[in-house]
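The values are calculated or read from the model by the stated rules, or taken from the named source; none is laboratory data. Just so it is clear, the structure is predicted and the values come from calculations on it, not from any experiment. In this analysis, Cβ positions are derived from the backbone assuming ideal geometry, glycine residues included, and neighbour counts consider all displayed protein chains.
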Amino acid sequence: MRITNQQQMALLLSRVQDIQADLLRVREQLASGKKVNKASDAPRAFEQLVDIRATLNKIEERKVSLTEGISRLNLSEDAIANAETILQRAKEIALQQRNDTSSPTERATVAKEVHQLLLNFVDAANTQVDGRYLFAGYETQTKPYSLDSVSASAVPPTISANDNNQGTTSASISIQTASSLTGDQYKITFTSATTFDVVNLTSGETVLSNQTYTSGGNIDFDGLRVVLTDNPSGPLAGDEFTIGTHNASDATVSASVSTASALKPHVYELRFTSSTAFDIVDLTTDEVLSTGNSYTSGSNIVFAGITAVVTDGTVAPQAGDVFRIRPDYGYQGDTGDIRIEVDDGTTLSINTVGSQVFSGPDADLFDALLDLHQALVTNTPKDLDTVISTLDTGLTQVTKARADIGARVNRLERVQEGLDMLALSTQKRQAALEDADVAQVASELTALETNLTASLLVLNRQFEISLLNFLR
């Protein structure tokens, strides 16, 4: 079969074009370092690479979620650990101050530390990261804990030992006959280790004189029953006990929030100086907020963001009656469970709800700290036993929360390690499919360039021959 010059030229041109196409492919491989850059390079390998890249993207997204989850849980654990330290210190104080050797002055001083512990505890429960609250459930833009309610109660009769007492006698007081209460103040003064007098400080009258003291015996007068007990030693001459018979009337008190932004975690008292007038005292700061306020049954008494209402019973409040008022903390978040995917179809919670750590499920630790502070500023150590019990329950509650967080962090870290291994093996598969052998590609490039040069020379020679034939 005869092959014409034109056919030879066409074949040579086709060969040159093929070599140039191969050169383009090889140069692209050398520049990118990959032997598969588009589907036409290797259709089956390209399809596998698409799946591999999707897998790697999914792994990376999951690793980012895991990192954020671990960080959030670790920050939560740090905040709870801080709260736990605060509670341990609060318990130490409660144990120290529940004994009868601590004076009212000492308790008032320690109350300032407890108040600061309370504020630090609030900060821990309201911890934020990047503008989001950790313990508010789904409500990450809402502060979990704030003062949102007010409690109020009448103050029962009290008895306190003089700071200068030499003995270590414990004292308790109760109402024996309510109808006989006077609302006056009294003082028990020991004239010797075995005898005492009782004086009505309001009227100046001696109620009991030269009475014989028996440890644990009842001392009854004007509707009251006082019990003094050696603890361990008995009273000595000169020892004194002051008695306040608050709320001899049956008036009642209620309180609510009037201005939430003005509320403070303080303890207040409405102290009646007569049946028609009262003072308002902030026990936390030891500050008299107002004096000589006119009393009308059922009228609003507004102060420090609080609206209080005192209402007459069968009689109006009497001089010496005291009503105690305190704002309380409440949980503002929800029970939302923030979860991340740790495996296909499997999720894990990365948040801890504040109501399951700080105010429940077994103990409200805000109330415990508020009660501790109140017991100290009001010098009522008998209330500390309940506080200590609540703190014990709360410490167990907090410890369980920390352990739960630790377990979740461990699981997420194990999942993270597994994803790292999966990513590594997947990347190896990817490299085997698409990574070019640079040395081999460079060698192929050199060979193709040599072939192209030779082909162009042949093409040029063939063109010259064809041109000569044409000129002849």
Problem - Unique residue being over 23 Å from A111 (Cβ atoms) and either assigned to a loop (DSSP other than H, G, I, E, B) or touching a residue at least 40 places away in the same chain (Cβ under 8 Å) (or both) when the list is D385, D362, D328 - result: D362
Exercise for the section: Please state which of the following conditions D344 fails to meet, knowing it meets all the rest: (1) modelled with pLDDT under 95; (2) in contact with a helix residue (DSSP H, G or I) (Cβ under 9 Å, 6 or more places away or on another chain); (3) over 27 Å from N120 (Cβ atoms). Expected result: (2)
Exercise for the section: Determine if the stretch 287-294 includes at least one residue that is part of a loop (DSSP other than H, G, I, E, B) and either surrounded by fewer than 17 Cβ atoms within 10 Å (Cβ to Cβ) or touching a residue at least 40 places away in the same chain (Cβ under 8 Å) (or both). Expected result: no
Practice task
Inspect the stretch 324-336 for any residue being buried (at least 20 other Cβ atoms within 10 Å of the Cβ), at pLDDT below 95 and not small (G, A, S) and give the result as yes or no.
Solution key: no
Completion exercise
The correct count of residues that are part of a strand (DSSP E or B) and surrounded by 16 or more Cβ atoms within 10 Å (Cβ to Cβ) in the stretch 133-174 is 15
Practice task
Output yes when any residue across the stretch 233-241 is in contact with a Phe, Trp or Tyr (Cβ under 9 Å, 6 or more places away or on another chain) and assigned to a strand (DSSP E or B), and no when none is.
Solution key: yes
Fill in the blank from the handout: Restricting the stretch 373-415 to residues that are in contact with a strand residue (DSSP E or B) (Cβ under 9 Å, 6 or more places away or on another chain) and under 15 Å from N74 (Cα atoms), the one surrounded by the fewest Cβ atoms within 10 Å (Cβ to Cβ) turns out to be R411
Practice task
Go through the residues of the stretch 301-323 one by one and say whether even a single one is on the phi < 0 side of the Ramachandran plot, at pLDDT 95 or above, surrounded by fewer than 21 Cβ atoms within 10 Å (Cβ to Cβ) and not in a strand (DSSP E or B).
Solution key: no
Exercise for the section: Considering every residue within the stretch 240-257, establish whether at least one is surrounded by 15 or more Cβ atoms within 10 Å (Cβ to Cβ), among the aliphatic types (A, V, I, L, M) and under 30 Å from the mean Cα position of the chain (by Cα). Expected result: yes
Practice task
Check whether at least one residue in the stretch 259-278 is in a strand (DSSP E or B), surrounded by 15 or more Cβ atoms within 10 Å (Cβ to Cβ), modelled with pLDDT under 90 and not aromatic (F, W, Y), and report yes or no.
Solution key: no
Exercise for the section: Of the numbered conditions (1) modelled with pLDDT of 95 or more; (2) surrounded by fewer than 17 Cβ atoms within 10 Å (Cβ to Cβ); (3) over 13 Å from the mean Cα position of the chain (by Cα); (4) over 19 Å from G330 (Cα atoms), N57 fails exactly one; give the number of that condition. Expected result: (1)
Handout entry: Selection from the stretch 121-132 of residues that are crowded, with 16+ Cβ neighbours inside 10 Å and within 30 Å of A308 (Cα to Cα)
Key = F121, V122, A125, N126
Handout entry: Matching residues in the stretch 382-413 - criterion: being within 29 Å of L95 (Cα to Cα) and either touching a helix residue (DSSP H, G or I) at 6+ places or on another chain (Cβ under 6 Å) or aromatic (F, W, Y) (or both)
Key = D383, L384, V387, I388, T390, L391, G394, L395, V398, A401, R402
Problem - Selection count, the stretch 63-116, where residues are more than 28 Å from L348 (Cβ to Cβ) and of a type in the set (V, I, T) - result: 7
Fill in the blank from the handout: Every listed condition ((1) of a type outside the set (K, R); (2) assigned to a loop (DSSP other than H, G, I, E, B); (3) in contact with a helix residue (DSSP H, G or I) (Cβ under 6 Å, 6 or more places away or on another chain)) holds for Q416 save (2)
Handout entry: Verdict on L422 being modelled with pLDDT under 70 and either assigned to a helix (DSSP H, G or I) or surrounded by 12 or more Cβ atoms within 10 Å (Cβ to Cβ) (or both)
Key = no
